[in-house]
Structures are given as C-alpha cells and as structure tokens.
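The values are calculated or read from the model by the stated rules, or taken from the named source; none is laboratory data. Predicted, not measured: the structure shown is a model, and the values here were computed from it. Cβ: placed from backbone, ideal geometry, glycine included. Neighbour counts: every protein chain shown. Just so you know, the surface numbers come from the protein's heavy atoms only, side chains and all, with ligands and any DNA or RNA stripped out. Shrake-Rupley method; radii C 1.70, N 1.55, O 1.52, S 1.80 Å.
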Amino acid sequence: MKEEKIDLLGKTLEQLQQLCADLGFPRFTAKQLCDWLYRKRVDSIDAMTNLSLANRERLNSVARIGRSYPVRCQVSRDGTKKYLFGVETPAAPAHVETVYIPDDDRATLCVSCQVGCKMGCRFCVTGQQGFHGNLSAGDILNQLFSIPEFEQLTNVVFMGMGEPMDNLDAVLAATSVLTSDWGLGWSPKRITVSSVGIVPGLKRFLDESQCHLAISLHTPLAAERLQMMPVERAYPLADVLALLRRYDWSGQRRLSFEYTMFRGLNDDQAHAARLVDALRGLDCRVNLIRFHESPEAPYSTSTPSTIKSFQDYLNRHGLTCTLRASRGQDIDAACGLLAGRQ
Ligand code: SF4
C-alpha cells in the first residue's frame, strides 16, 4: 500500500507555498524547499538544514521527498542506457522505462509519463500493453533526478511510455519545475513533448508551455492512419494540423513530425508527395524513424535505400527532413519498444 505521505518532488512553488501555509511554516520556507528539492536535489528531508529541527520533524510526519532509484539498468553496445523504475499506481505497483542517450556533446533522456498507454498504436509495444495508470509530476522528474547521469543531461524528450496530452497536468507540472527559476531554470528549448495529437490537450499545451512539440504522424492518409493509430477516429490529423496552423512556429519553439517508415505501407513517393502537401506552409521539420520490428507489431522495416529516397524527396520539396539514429536496439530501448517489463 502507498504510504499516505505527500511527495514533495514534483510540487510547484505555488503548491509548496500552500503546503507551508497548511503547516504553519513561514512563506519563504517554500522557496527553501524548492532550493533543496530542485537545485541541491537532496533525497531526505533531514538534509534540509536551514529548516528548524521542529519544522523538519513536522514535515517528515506528513511528507517525503518522493525519490526512488532505478531497480535495473541495461547498457547497450552504443552506450544507450535503459533504466527501469518502480512506480506506485492507484491499481498496483508497476514499472516504467527511461532511456539515456549520450551523443557527442548532447545527452538526452527519454522519459515516460504513463504506465502503459491508452492510445493503442499498433506499431508500439507500450500501446499493446493497455493502460495501467498515470505518473505524477514527481514520478516523471524522479526519472531525471535519480540517475547517475543527471548532471550530463542536455535535453529531455517526453517520448517514452504513454501519451503526454493524456496526463497533461503532471507533464506541465514537471516541465514547469524544469524551466522555472525556482526549479531547474532550464530553457524550454531543451525539452520536447511528443503527442499523437489529442486536440484539446494540444491546445492547452501550446497555450501554457513554450517547450518544443513533436507530433506522431506516420502517414498523411487518414484511412491508413486510422488502421495504425486509433486516435485518428477521435482527433483526425486534419484537425491537428488545423490547430497547429493557428500558432506561430517561426520563433524559438520548434514543431516536428515523427514519421516511422514501414516497408510497403507508407514509404513510397506517393506518400512523400502527400506529406509535402499536408505540411505545406507549416514551419516544421520531419524526423524519419526506422521501424524496430517486434513480435507484437504486424509491420516490417523499410530498406535503407527506400528511407534515403523518401528523405531526399522531402528535402527536395522544401521540407527539412532528418533520419533519427536508432539507439539502444539491442536492449529494446529504441522507439516503440518500451515495455516496462521486469
Ligand atoms: Fe502510446 Fe506513444 Fe505507443 Fe502510441 S506510440 S501507443 S501514444 S506510447
């Protein structure tokens, strides 16, 4: 059973101010808590030495930091690491995966925001597991804070298990901690949040956050997308693109589209031409992803030459297009393979 204590990690300054008021602490204590939690990253309340002993005891009686260390780490041949974290969902204890991807002068962490996922994308191992619960903002931040590589991190992407727009309160609270001056003070340019395109969530995200956005597109054809991604029924890609066109993408915030290449399905020139049409006039880029085959998904990988032709076609027609390197495939850490299995 979950310990009935408040997790401090993941709380915003405003939430900590409320907690301090409830406990009868001075208002400035909330700023001190932020400093200990987010700048000094302590893992015990007793380490917060500028709080009086009485206040530390009071805080210990109702709250805990909310940190938990990974229960497993797998290391790929290419240096990618996959961490497994235990989390407590309302239903049962579960696990989520987090992937650390070092790359020359960058080190990216791919975090999960849900245990499983409701979206059911047919090419995704997470999607085939169903949904088992939301992570809290603290659970999300713990994936950064509790790995040994925290200091090396340059970027965070919300592209692990789960759909961020389906757990938006927690995702926005976590990104707020990362980007606020009372938190880590990161630039929002260091954070990318991905989505299959849940329109109401996207609208709120775009209004409330300056982080980069990546949309999982995968095919420009509605009927085909519906076969792969059930979300197309409720929120067609056309509606997603109409929403995105209402925002300005010429500034700091970047819009990208993720396009996984499936052999014989979405990888020919006709698809490339439709994609160019669909994205015409939008300031964006396209990231091609090699499909990583798994027994759970009824698709296969496009050939390297097909991917190259597709990429060249987009680039020739004015769409900036890159091929995302596959990382950590030997430890099932690559895109679409996260399962949270222990
Ligand atoms: Fe969920 Fe993303 Fe997998 Fe789709 S691709 S099922 S949204 S985790």
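Within region 32-52, the set of residues being without any contact (Cβ under 8 Å) to a residue 40 or more places away in the chain and among the hydrophobic types (A, V, I, L, M, F, W, C) comprises L33, W36, L37, V42, I45, A47, M48, L51. The lone criterion from (1) among the aromatic types (F, W, Y); (2) surrounded by 21 or more Cβ atoms within 10 Å (Cβ to Cβ); (3) more than 13 Å from V157 (Cβ to Cβ) left unmet by F131 is number (2).
Please indicate, with yes or no, whether at least one residue in region 47-70 is within 16 Å of the ligand (Cβ to nearest atom) and in contact with a strand residue (DSSP E or B) (Cβ under 8 Å, 6 or more places away or on another chain). Steps first, answer last, please.
Just the residues of region 47-70 that are within 16 Å of the ligand (Cβ to nearest atom), to begin with: none.
No, every residue in region 47-70 fails to be within 16 Å of the ligand (Cβ to nearest atom) and in contact with a strand residue (DSSP E or B) (Cβ under 8 Å, 6 or more places away or on another chain).
Kindly indicate whether L202 is surrounded by 19 or more Cβ atoms within 10 Å (Cβ to Cβ), within 16 Å of the ligand (Cβ to nearest atom), hydrophobic (A, V, I, L, M, F, W, C) and more than 12 Å from the chain's Cα centre (by Cα). In short, yes.
Quick check, is T179 open to solvent by less than 40 Å² (accessible area, probe 1.4 Å) and of a type outside the set (A, V, I, L, M, F, W, C)? Criteria not met by T179.
Can you tell me how many residues within region 151-166 are farther than 16 Å from C110 by Cβ and either open to solvent by less than 40 Å² (accessible area, probe 1.4 Å) or within 16 Å of the ligand (Cβ to nearest atom) (or both)? Step through it out loud before you land on a result.
Filtering region 151-166 for residues farther than 16 Å from C110 by Cβ gives 151, 165-166.
Now drop any that are not either open to solvent by less than 40 Å² (accessible area, probe 1.4 Å) or within 16 Å of the ligand (Cβ to nearest atom) (or both), which leaves 165-166.
Residues that pass the stated criteria total 2.
Can you find even one residue in region 211-225 that is surrounded by fewer than 17 Cβ atoms within 10 Å (Cβ to Cβ) and closer than 20 Å to F131 by Cα? Within region 211-225 (the criterion being surrounded by fewer than 17 Cβ atoms within 10 Å (Cβ to Cβ) and closer than 20 Å to F131 by Cα), the answer is no, since none of the residues qualifies. When V111, V177, V125 are checked against the criterion of being within 16 Å of the ligand (Cβ to nearest atom) and touching a Phe, Trp or Tyr at 6+ places or on another chain (Cβ under 8 Å), V111 stands alone in meeting it.
Could you tell me whether G120 is among the small types (G, A, S), near the ligand (Cβ under 9 Å from one of its atoms) and outside any helix (DSSP H, G or I)? Yes; evaluated as a whole, the condition is true for this residue. Against the criterion of being of a type outside the set (F, W, Y) and either closer than 26 Å to M165 by Cα or under 18 Å from the mean Cα position of the chain (by Cα) (or both), C73 does not qualify.
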